[in-house]
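One structure is given here, and the rest of the page talks about it.
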Amino acid sequence: MMIESPQNDRIKYLSRLIADNRFRKKSGVFVVEGRQENDRALQFGFEAREFFICESIFDEDFPKGKISLVSENLYQKIAYRGTSEGIIGIYQTKTAELKDFVPKSDSSVIILESVEKPGNLGAILRSCEAFGIDAVMITDTKADFFNPNVIRSSVGCLFGMNVFQTSNEELHEFLLAHQYSIFTTLMDERAEDLDKRDLKKKSAVLFGTEHSGLSDFWIGRGKNTLIPMAGTIDSLNLSNAVAITCYEILRQKRA
């Protein structure tokens, strides 16, 4: 039976999951919209609870699991992204513990302190996946990993990444224990250019928030490093800075 009314209980539940972060976290599930995003969630072993599919838009084989068919008119109302692909999935949330991460001998990780904007986090995850970063570690986070905007802007890259939430103290101990070279990006400290650093070996590059940078906790705890620039501006958008750094790591490893 096709669902056509926004007053349907399942549609009300889905809409609340999309709009209410607290309700989503309490429910232990998250929402994924789009073909590529749902494909990646399934590919990397996330457990699907239910799919809402509009047959007139989604012209592929249905995924395995519980399917609720919705009318095109209703789908356009519940879809939260600009382009519509006819499929929305609800998945069980799963998280990973930092202590369970076993770094490779040439492991490269990106660390974000107090990241706030879901769109930035998603864009960073996409860059990290594209350039072969082993893990993204987030301290004192203010963003929900499974926010729909993180999933959308990462194009589902979130699902195949090692992503950990921790504290500055726990992370610092982890980096020292696993003998990472630590590179900070403090704006008010003397720094060496990024391309002069040896990033081929086990390395961790840290970034702070866009408005205030890294906190004082990281002063003196790493080798300060900045991206060389020729213009008059003294900083870059956070996601752009991370993307450039990820590319430099890959470039050095391939050289």
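The values are calculated or read from the model by the stated rules, or taken from the named source; none is laboratory data. Just so you know, these numbers come straight off a predicted model, no measurement behind them. We place every Cβ from the backbone using ideal geometry, glycine too, and count neighbours over all the protein chains shown. Heavy atoms of the whole protein, side chains included, go into the accessibility calculation; ligands, DNA and RNA do not. Shrake-Rupley method; radii C 1.70, N 1.55, O 1.52, S 1.80 Å.
Couple of notes before you dig in:
- Positions within segment 232-246 being among the small types (Gly, Ala, Ser) and without any contact (Cβ under 8 Å) to a residue 60 or more places away in the chain, in sequence order: Ser235, Ala241
Yes or no, residue by residue, for (1) of a type in the set (Ser, Thr, Tyr); (2) within 23 Å of Asp9 (Cα to Cα); (3) in a loop (DSSP other than H, G, I, E, B):
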position	(1), (2), (3)
Ala41	no, no, no
Phe62	no, yes, yes
Leu74	no, yes, no
Arg81	no, yes, yes
Gly132	no, no, yes
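- Taken over segment 206-231, the criterion of being without any contact (Cβ under 8 Å) to a residue 24 or more places away in the chain and under 23 Å from the mean Cα position of the chain (by Cα) is satisfied by His211, Ser212.
- Here is the figure for segment 225-255: residues that are surrounded by fewer than 21 Cβ atoms within 10 Å (Cβ to Cβ) and either part of a loop (DSSP other than H, G, I, E, B) or of a type in the set (S, T, N, Q) (or both) total 14.
- Scanning segment 142-188 for residues that are touching a residue at least 40 places away in the same chain (Cβ under 8 Å), part of a loop (DSSP other than H, G, I, E, B) and in contact with an Asp or Glu (Cβ under 7 Å, 6 or more places away or on another chain) yields Val155, Gly156, Asn162.
- Within segment 20-37, considering residues that are assigned to a strand (DSSP E or B) and not charged (D, E, K, R), the one surrounded by the fewest Cβ atoms within 10 Å (Cβ to Cβ): Val29
- Taking every residue in segment 93-119 that is of a type in the set (Gly, Ala, Ser) and pairing it with any residue that is open to solvent by less than 40 Å² (accessible area, probe 1.4 Å) and in a helix (DSSP H, G or I), at least 6 positions away or on another chain, the pairs with Cβ-Cβ distances below 7 Å are Ser108/Ile249; Gly119/Ser153.
- A single entry from Arg81, Arg40 fulfils the requirement of being out of contact with any His (no Cβ under 7 Å at 6 or more places or on another chain), crowded, with 16+ Cβ neighbours inside 10 Å and among the basic types (Lys, Arg): Arg40.
- Within the span defined as segment 124-134, one or more residues are open to solvent by less than 60 Å² (accessible area, probe 1.4 Å), out of contact with any Lys or Arg (no Cβ under 6 Å at 6 or more places or on another chain) and acidic (Asp, Glu).
- Just so you know, in segment 174-220 the residues that are polar (S, T, N, Q) and closer than 21 Å to Glu97 by Cα include one that is surrounded by the most Cβ atoms within 10 Å (Cβ to Cβ), and it is Ser203.
- The selection criterion, being under 30 Å from Glu210 (Cβ atoms), touching a helix residue (DSSP H, G or I) at 6+ places or on another chain (Cβ under 9 Å) and open to solvent by 60 Å² or more (accessible area, probe 1.4 Å), does not hold for Glu113.
- Criterion violated by Gly89 - all others in (1) in contact (Cβ under 8 Å) with a residue 12 or more places away in the chain; (2) out of contact with any helix residue (DSSP H, G or I) (no Cβ under 6 Å at 6 or more places or on another chain) satisfied: (2)
- Qualifying residue in segment 136-158 (condition: closer than 30 Å to Ala255 by Cβ, of a type outside the set (Val, Ile, Thr) and open to solvent by 70 Å² or more (accessible area, probe 1.4 Å)): no
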